[in-house]
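Worksheet: the structure to be examined is printed underneath.
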C-alpha cells in the first residue's frame, strides 16, 4: 500500500477538496446519522460550501490553515482551522477555531483524523493566545469524545445553518 502524505493543499486541489467535502458531509450526516435535510437546503449548503470557487476562496483566506491527506493522488481527509467565527459571548476572531475535520468513510480507521487534529491544534495554539474553539453536531458523540480527550469542554450551543435547516450544535472550548 502506498504511503499517505499529509500536506498543505494547493489552489489546484480546490475541485478535489470540494468533491471530498461534499461526499464526506453526505456520508456522515445524511447516510450515517440520517439527518433528513430537505433536498433544496442540502443542495444549497453543499454548493455554497464545496463548489470549486468557494473552496478556492477559503483556501486563500488569510490567517487560516488547511491540511489534506493524500494517497496515490486521491484526497482522503482534510482539516481547516482559522479565526474563530462561533457565536459565543467569550469567543473572539483572534481566537482559533477548528472549522472542519473530514475523513472519508473509505479512509476511516487509518488514524488520519487524529493526525489532522493534532496538526490543527498545534497550529491553532501557535497562532493565538486565547482559547481554541470547535463546533460539533450535538448528535456526533464519537467526535465529542475525541475532542474531550484533547481537553475540549462544552461551552455553549447554537444552530448551524444547512440551507434553511438548522442543525443543533455544541460549542466546545479548550483553554
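The values are calculated or read from the model by the stated rules, or taken from the named source; none is laboratory data. Fair warning: this is a prediction, and the values are worked out from it, not measured in the lab. Cβ sites come from the backbone with ideal geometry, for glycine too, and all protein chains shown count toward neighbours.
A few comments on the model shown:
- Qualifying residue in the stretch 125-133 (condition: in contact with a strand residue (DSSP E or B) (Cβ under 8 Å, 6 or more places away or on another chain), in a helix (DSSP H, G or I) and without any contact (Cβ under 8 Å) to a residue 40 or more places away in the chain): yes
- Members of the stretch 52-67 found to be under 12 Å from residue 80 (Cβ atoms) and either buried (at least 17 other Cβ atoms within 10 Å of the Cβ) or in contact with a helix residue (DSSP H, G or I) (Cβ under 6 Å, 6 or more places away or on another chain) (or both), listed by number: 55, 58, 59, 64, 65, 66, 67
- Sole residue being modelled with pLDDT of 95 or more and under 22 Å from residue 153 (Cα atoms), chosen from 44, 64, 79: 79
- Single match in 165, 67, 137 (criterion: under 17 Å from the mean Cα position of the chain (by Cα) and farther than 15 Å from residue 24 by Cα): 67
- For residue 99, the conditions (1) in contact (Cβ under 8 Å) with a residue 12 or more places away in the chain; (2) surrounded by fewer than 20 Cβ atoms within 10 Å (Cβ to Cβ); (3) under 22 Å from residue 48 (Cβ atoms) all hold with the exception of (2).
- Those residues of the stretch 33-51 which are loosely packed, with under 14 Cβ neighbours inside 10 Å, touching a residue at least 12 places away in the same chain (Cβ under 8 Å) and part of a helix (DSSP H, G or I), in sequence order: 40, 43
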